[in-house]
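Only one structure is covered here, and it is reproduced in the block below.
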Ligand code: CTP
């Protein structure tokens, strides 16, 4: 039916970019990007109407987002033509506008398109040898100024390289090195750089990408004290193990993976530098707090636990319950002693869920006058439960009595 809408509105319609790339790589991708030669919004409205789907159109940009019945989202964009197109040349420009649109993109593997008009349905369009590069597992930019135009593409190259198991082509590597040497990062806003760093850190295994950033001295380009060291790399791998372990334990409890890794990246920095980097990269206040102050508190806590363990559960709880999940996972990675790692894992998987079964209501029924004493009593009950002394509500009531 999408092809029918294309034909009815007199447009050439293509699915492009990541979706086609992932199709050829047999990878799942649920983001559908459509490029339209012609009136993209007219097409989008027609298609949405035929499917009874919701549509948000942005006429200023010639784009629209269609949400299908099953929640599936389709992005529609009008092919961007060159500015110098004269009205007289319109038919010519229209014909090549898909190519012009694809030419603006980052890597050849992202420039593949599949036509959706009924007569041409399924035709693969490959203007920049994307298929060959997919076959050769190579990442190549389309034109030499690509990284200068958009330095975030350097991060994307590194991310895709590791995600797909590809290699950045020789010329492309040289262009990355040149761009970094030219100082393109001075023109890149901190927020955009951070967006790319987060994308990398949210990948399944960000460690190879971070290594690669290190090889390009890209982290050092952001701030000298972020220069990647062997120690940081080892710690990143520990963080990966800790995160995987944690996610097995508590799959229902969200943890921002990127934050754990980012804490590791900041671990060689002193407080002043760490703060400065957070400011440059525009982290939110709570994120900075976690990465700087909380991380330092965590380091102290690790040292303390190493001295104190073994501990009663109730004391372990009191040491650890002040920390957010991300910090605890970081601690699990950063602790050198196995015993400390284990204690934190024990807290994360079990202890933090322990609460008394009795409530204020029960205390009232027992004839204890309501007041600040309740909190104290309940905390004592919790400690006793943590230490394995209480196993039922009855036992808790008897304990209080
Ligand atoms: N693109 C680009 N330069 C960028 C970002 C994106 O040229 N700095 C282009 C790419 O060609 C890409 C398209 O815009 O195909 C959409 O980008 P994105 O939404 O990031 O999709 P993906 O390439 O699929 O990446 P991801 O899987 O991480 O979403």
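The values are calculated or read from the model by the stated rules, or taken from the named source; none is laboratory data. Because the structure is predicted, anything quoted here is derived from the model rather than measured. No Cβ is skipped: glycine too gets one built from the backbone with ideal geometry, and neighbour counts run over all protein chains shown.
Would it be correct to say that residue 208 is farther than 19 Å from residue 334 by Cβ and touching a helix residue (DSSP H, G or I) at 6+ places or on another chain (Cβ under 6 Å)? So residue 208 passes the test. Scanning region 267-286 for residues that are part of a helix (DSSP H, G or I) and under 18 Å from the mean Cα position of the chain (by Cα) gives 278, 286.
In summary, helices (runs of 4 or more DSSP H) completely within region 302-401 and bearing 1 or more residues that are surrounded by fewer than 17 Cβ atoms within 10 Å (Cβ to Cβ) occur at 313-320, 338-349, 360-365, 373-386, 393-400.
Do the conditions hold for residue 191, that is, is it free of Cβ contacts under 8 Å to residues at least 24 places away in the same chain and within 16 Å of the ligand (Cβ to nearest atom)? No; evaluated as a whole, the condition is false for this residue. Looking at the structure I just gave you, is residue 175 crowded, with 19+ Cβ neighbours inside 10 Å, under 27 Å from residue 194 (Cβ atoms), more than 14 Å from the ligand (Cβ to nearest atom) and modelled with pLDDT of 95 or more? Yes: the conditions hold for residue 175. Here region 56-73 is the region considered, the condition is being at pLDDT 95 or above and closer than 20 Å to residue 117 by Cβ, and the residue that is surrounded by the most Cβ atoms within 10 Å (Cβ to Cβ) is 64.
A quick yes/no check of all residues on (1) within 16 Å of the ligand (Cβ to nearest atom); (2) outside any helix (DSSP H, G or I); (3) touching a helix residue (DSSP H, G or I) at 6+ places or on another chain (Cβ under 8 Å):
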{"site": "5", "(1), (2), (3)": "no, no, yes"}
{"site": "13", "(1), (2), (3)": "no, yes, yes"}
{"site": "23", "(1), (2), (3)": "yes, no, no"}
{"site": "28", "(1), (2), (3)": "yes, yes, yes"}
{"site": "33", "(1), (2), (3)": "yes, yes, yes"}
{"site": "43", "(1), (2), (3)": "no, no, yes"}
{"site": "47", "(1), (2), (3)": "no, no, yes"}
{"site": "57", "(1), (2), (3)": "no, yes, yes"}
{"site": "65", "(1), (2), (3)": "yes, yes, no"}
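For region 2-29, residues that are touching a strand residue (DSSP E or B) at 6+ places or on another chain (Cβ under 6 Å) and farther than 14 Å from residue 42 by Cβ total 6. Within region 127-156, being within 14 Å of the ligand (Cβ to nearest atom), over 30 Å from residue 183 (Cβ atoms) and surrounded by fewer than 19 Cβ atoms within 10 Å (Cβ to Cβ) holds for one residue alone: 127. Candidates in region 100-126 are the residues that are within 15 Å of the ligand (Cβ to nearest atom) and more than 16 Å from residue 79 (Cβ to Cβ); of these, the one that is surrounded by the most Cβ atoms within 10 Å (Cβ to Cβ) is 109.
Taking helices (runs of 4 or more DSSP H) as the structural unit, those lying wholly within region 150-265 and holding at least 2 residues that are more than 21 Å from the chain's Cα centre (by Cα) correspond to 170-181, 218-222, 230-249.
Applying the set (1) within 14 Å of the ligand (Cβ to nearest atom); (2) at pLDDT 95 or above; (3) surrounded by fewer than 19 Cβ atoms within 10 Å (Cβ to Cβ); (4) within 23 Å of residue 42 (Cβ to Cβ) to residue 76 leaves exactly one unmet item: (3). Against the list (1) touching a helix residue (DSSP H, G or I) at 6+ places or on another chain (Cβ under 7 Å); (2) closer than 15 Å to residue 264 by Cα, the condition residue 289 fails is (1).
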